[in-house]
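Reading through the structure tokens given below for one structure.
The values are calculated or read from the model by the stated rules, or taken from the named source; none is laboratory data. Given the structure is predicted, the values throughout are model-derived calculations rather than measurements. No Cβ is skipped: glycine too gets one built from the backbone with ideal geometry, and neighbour counts run over all protein chains shown. SASA here: full protein model, heavy atoms, side chains in, ligands and nucleic acids out. Shrake-Rupley method; radii C 1.70, N 1.55, O 1.52, S 1.80 Å.
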Amino acid sequence: MTHRIQFTAPGGPEVLQWVEADLPDPGPGEARLRHTAIGVNYIDVYHRSGAYPVPLPAVPGFEAAGVVEALGPGVTGLAVGQRVAYVDGPTGAYSEARNHPADRLVPLPASLSDEVAAALLFKGLTAHMLVRRVWRAGAEPWVLVHAAAGGVGLILTRWLAHEGGRVIGVVGSEEKATAVRAEGAEAVVVVPRGAAYDQLAAEVRRITGGRGVGTVFDSVGRDTFEASLDSLAPFGLLASFGRSSGPVPPVNSEELGRRGSLAFQRPSIIGHIAKADPAILRADIAEVFAAQTQGIIRAHIHGTLPLREAAQAHALLESRATRGALVLLP
Ligand SMILES: NC(=O)c1ccc[n+]([C@@H]2O[C@H](COP(=O)([O-])OP(=O)(O)OC[C@H]3O[C@@H](n4cnc5c(N)ncnc54)[C@H](OP(=O)(O)O)[C@@H]3O)[C@@H](O)[C@H]2O)c1
């Protein structure tokens, strides 16, 4: 018998319930993991709230670190007792233990603690995708990062700055601004919770000498969409990769042309993981681990909570109270 967090209908954080569950032996190609640290990601909120519908009942969670407890038939290359982590579906990481496809498990280097791995893997891999596959590094030096003090945001800011990007971070408080500057942002714009983003583009133009930025990384969505487009230099790219405030409106291609031959992209780490050659994914993860170990990026843990208090973690994340990542401990 094991425990997990489950919801039977979409809703607020209170739908997350601590339940007992049977865990069968791992099937062919699977390994059973005893989780040690579980990463909380905003996509877990979208699943729970119904913004991204999932089959019910559902156990949230896309990433965790843990120890291999048992191997199913046909599994090679893994050993019982080995420290591993994973980032992908099916959801189910909010659990004390689970069975997972063995070929999706990544051995953890000794240099990374389980908690850091759980704070790093999903968010670092997303930042890696944005820096290596989305950012038009050569086009314009200035780049705008929304939610720059978030779990993804702090890693992304530091990585962009390391690669020569002149980062303007957008955050909700002065305290968060300090954290973002410490990761290498050249400028930070504070838009407090509840305030409109209507002055943001003018501020970005002031900072960039009127030019605007080459790329906007926007994970906030509905509330920031217009300001993001208005902040771009001609031929700039709006990389819309999240919707914490709600979905973006349909994109009008003619309008993109009128506003400066702009480009719109919707990067998705889930889509990338699903379609990428496994060898490429392994190389990406290795680069994320190496970047963390070398200090090029830093996973920030805002705090840890017991797994059974997952509802509290979601409430914190949605209230914009966190700086960096939340990690659940089984
Ligand atoms: N496309 C992908 O592949 C991918 C992968 C990973 C994450 N994401 C997206 O990236 C974003 C960040 O994820 P995360 O897990 O690292 O979360 P996070 O950034 O730690 O938390 C969200 C932050 O967004 C800001 N925010 C602004 N308006 C908000 C609103 N109305 N409601 C809630 N938050 C608001 C808040 O920062 P301030 O208070 O500073 O404004 C808040 O702290 C999410 O939108 C997520 O969906 C996308």
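Here are the numbers for this structure:
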item	result
Qualifying residue in segment 169-186 (condition: free of Cβ contacts under 8 Å to residues at least 40 places away in the same chain, open to solvent by less than 40 Å² (accessible area, probe 1.4 Å) and either closer than 30 Å to Val68 by Cα or in contact with an Asp or Glu (Cβ under 9 Å, 6 or more places away or on another chain) (or both))	yes
Sole exception among (1) buried (at least 21 other Cβ atoms within 10 Å of the Cβ); (2) over 17 Å from the mean Cα position of the chain (by Cα); (3) more than 26 Å from Arg205 (Cβ to Cβ) for Ser111, by number	(1)
Condition check for Leu156: under 22 Å from Leu229 (Cβ atoms), within 12 Å of the ligand (Cβ to nearest atom), buried (at least 24 other Cβ atoms within 10 Å of the Cβ) and not assigned by TED's automatic domain parsing to the domain that holds Ile301	yes
Residue identified as open to solvent by less than 60 Å² (accessible area, probe 1.4 Å), closer than 30 Å to Ser245 by Cα and in contact with a Pro (Cβ under 6 Å, 6 or more places away or on another chain) among Asp44, Asp88	Asp44
Answer residue from segment 209-225, given it is open to solvent by 10 Å² or more (accessible area, probe 1.4 Å) and within 14 Å of the ligand (Cβ to nearest atom) and is nearest to Arg133 (Cα to Cα) among those	Ser219
Pairs with Cβ under 9 Å, 6+ apart, first in segment 237-254 and closer than 26 Å to Ala139 by Cα, second in a loop (DSSP other than H, G, I, E, B) and more than 15 Å from the ligand (Cβ to nearest atom)	Leu237/Arg136; Leu237/Ala139; Leu237/Leu262; Leu238/Ser231; Leu238/Val251; Leu238/Leu262; Ser240/Val251
Odd one out for Lys275 among (1) assigned by TED's automatic domain parsing to the domain that holds Ala65; (2) out of contact with any Lys or Arg (no Cβ under 9 Å at 6 or more places or on another chain); (3) surrounded by 14 or more Cβ atoms within 10 Å (Cβ to Cβ); (4) among the basic types (Lys, Arg)	(3)
Helices (runs of 4 or more DSSP H) completely within segment 263-330 that count 1 or more residues being small (Gly, Ala, Ser) and near the ligand (Cβ under 9 Å from one of its atoms)	269-275
Those residues of segment 232-255 which are in contact with a strand residue (DSSP E or B) (Cβ under 9 Å, 6 or more places away or on another chain) and either surrounded by fewer than 17 Cβ atoms within 10 Å (Cβ to Cβ) or at pLDDT below 95 (or both), in sequence order	Phe235, Val251, Ser253
